[in-house]
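Structure, as structure tokens:
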Amino acid sequence: MSILVYGAAGLSARWEPADRTNGGICGAWFCPDEFSRSRLATLQQQAWDGTSSQATSELKRALIYDSASPYRWADLAEVLANSKQLKSARYCFQRALATGPHNPAILCRAANFYFSSGDYPATLRCLSAVLSNPDLDTYYWPAFLTYSRMGLPISRILNDGIPPKPLAAQSFLRFLMEQGRATDAETAWSWIADRSLNDDRITGEYMEFLIGKKQAFRAAESWRELNRSSLPEYLNTNWIFNGSFEFLPRPSPLDWRIEPAESVATNRECNVSRDGRCAMEVAFSAKENIDYHGLVEQTVIRPGKWHFQGFIKTDGITSDQGISLRIYDAVDTRNLDIQTPPLTGTHNWTKVDRDFEASARTNLVHVEIVRHASLKFDSKIAGRAWIDSLELRPARRMAQ
């Protein structure tokens, strides 16, 4: 029995039109009680229990009264299939699909039959039609589970079983990621990207998935390809993505993430900048002595010497602990954890930088704007700071 069978039963109850009298199968002049829905359910159960001859006879009679109903054809088809009359069952399902070609309940029931009889092309056709309907998204997962049991190449599933629509395609990629199928997910991602079926949300989820699978470099390369036209310097001359904040951050671990804090407002500001149009503003409200780590992104580096720099402008930053730039190993800060000296008070655009050497143990790093909590009494921080023109590049490029 297919995974979809229970879903198909639910769909049948949801989509079959209501009869005009007491749940019967109504013809033009009468509605015999012997073919009520409860009776049909009993006949189906008898067929599943192995006593199919009476069920077959009665369901054939039901077709006389309602031969235009795809449900009656599907009812008879399932009973015939249970009694191993597969040729006749196939014919009845063909009639059911002909009379209800877009009916989701019929499509699922037919898919169950084709799957159990090993007709995978027909199964793919039926389930692809289900996946084309965004109103049936709750049935996507059972369809994907059925696909996973077929043992077909992922390219075959994508081309024949996934309609080229964003919701279905993205849902299938999420299914593969949840299953931890990294190779299949990569194939699905390429298929989706080639057809422009991705959006910012699924792109960020896929980057997160790759990083979680310890494929940070593959994630960064994919991210670079997606953004080559807008930020060609990424992984070429600058390993920090969107380091000048010229673009709104998107939901990806490889772009800036703003962590909300009650006493700090972190916003992209396009009226103040060191270069370009925009910078990132961090405004402290003097409500607390906050340990702030509210602006962060991830990037990749290779072993060797690196140069890390940025520009900070401040306006009335109080306390002894001001704004710094920090870069540290995403897995173990003992491998790498450096930051620039904190800026307090009021300063025009000031360059802050650090040189460091990364070992082979470090490949994924976090870059963040940080303000550490002060150890001094009554050090609630106030003031504003702007950050712009962040760069991370191999140190050898400094002379070029």
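Within segment 331-359, the set of residues being in contact (Cβ under 8 Å) with a residue 40 or more places away in the chain and not acidic (Asp, Glu) comprises Leu343, Trp349, Lys351, Val352, Arg354, Phe356, Ala358, Ser359. Taking the conditions exactly as written (more than 22 Å from Asp353 (Cβ to Cβ), outside the structural domain of Ile387 (by TED's automatic domain parsing) and touching an Asp or Glu at 6+ places or on another chain (Cβ under 6 Å)), does Arg228 satisfy them or not? No: the conditions fail for Arg228. All conditions in (1) more than 22 Å from Ser132 (Cβ to Cβ); (2) surrounded by fewer than 17 Cβ atoms within 10 Å (Cβ to Cβ); (3) touching a residue at least 12 places away in the same chain (Cβ under 8 Å) hold for Tyr206, with the sole exception of (2). Residue pairs whose Cβ atoms lie under 8 Å apart, separated by 6 or more positions or on different chains, with the first residue in segment 132-158 and basic (Lys, Arg) and the second in a loop (DSSP other than H, G, I, E, B) and modelled with pLDDT under 95, are Arg149/Ile3. Take Ile192 and decide whether it is at negative phi, outside any helix (DSSP H, G or I) and either surrounded by 20 or more Cβ atoms within 10 Å (Cβ to Cβ) or touching a Gly at 6+ places or on another chain (Cβ under 7 Å) (or both). It is false that Ile192 is at negative phi, outside any helix (DSSP H, G or I) and either surrounded by 20 or more Cβ atoms within 10 Å (Cβ to Cβ) or touching a Gly at 6+ places or on another chain (Cβ under 7 Å) (or both).
Considering the conditions (1) surrounded by fewer than 19 Cβ atoms within 10 Å (Cβ to Cβ); (2) in a loop (DSSP other than H, G, I, E, B), Arg201 is excluded by exactly one of them, (2). Selection of first residues in segment 175-191 that are among the polar types (S, T, N, Q) and of second residues that are in a helix (DSSP H, G or I), restricted to Cβ pairs under 7 Å at least 6 apart or on distinct chains, gives the following pairs, ordered by first then second residue: Thr187/Ile154; Thr187/Ser155. When Ile301, Ile312, Ile317 are screened for being touching a residue at least 24 places away in the same chain (Cβ under 8 Å), farther than 27 Å from Thr237 by Cβ and crowded, with 20+ Cβ neighbours inside 10 Å, only Ile317 passes.
On inspection, Thr362 passes the criterion of being touching a residue at least 40 places away in the same chain (Cβ under 8 Å), assigned to a loop (DSSP other than H, G, I, E, B), among the β-branched types (Val, Ile, Thr) and buried (at least 18 other Cβ atoms within 10 Å of the Cβ). Of all the listed residues (Ser230, Ser244, Ser252), the sole one being surrounded by fewer than 15 Cβ atoms within 10 Å (Cβ to Cβ) and not in a strand (DSSP E or B) is Ser230. Taken over segment 255-283, the criterion of being among the small types (Gly, Ala, Ser), crowded, with 19+ Cβ neighbours inside 10 Å and not in a loop (DSSP other than H, G, I, E, B) is satisfied by Ala279 alone.
Going by the structure shown, is Ser171 modelled with pLDDT of 95 or more, of a type in the set (S, T, N, Q) and assigned by TED's automatic domain parsing to the domain that holds Phe113? So Ser171 fits the description; yes. Restricting to segment 104-139, and then to whatever is more than 16 Å from Trp73 (Cβ to Cβ) and of a type in the set (Val, Ile, Thr), can you tell me which residue is surrounded by the most Cβ atoms within 10 Å (Cβ to Cβ)? Selected residue: Thr123.
Counting only residues that are closer than 28 Å to Asn363 by Cβ and either touching a Gly at 6+ places or on another chain (Cβ under 6 Å) or at pLDDT below 90 (or both), segment 259-291 holds 3 of them.
Condition first: touching a strand residue (DSSP E or B) at 6+ places or on another chain (Cβ under 8 Å), of a type outside the set (Val, Ile, Thr) and at pLDDT 95 or above. Can you find one or more residues in segment 206-217 that meet it? Scanning segment 206-217 turns up at least one residue that is touching a strand residue (DSSP E or B) at 6+ places or on another chain (Cβ under 8 Å), of a type outside the set (Val, Ile, Thr) and at pLDDT 95 or above.
The values are calculated or read from the model by the stated rules, or taken from the named source; none is laboratory data. The structure presented is a predicted model; accordingly, all values stated were derived computationally and were not measured. Reconstructed Cβ throughout: ideal geometry from the backbone, glycine too, with neighbour counts over all protein chains shown.
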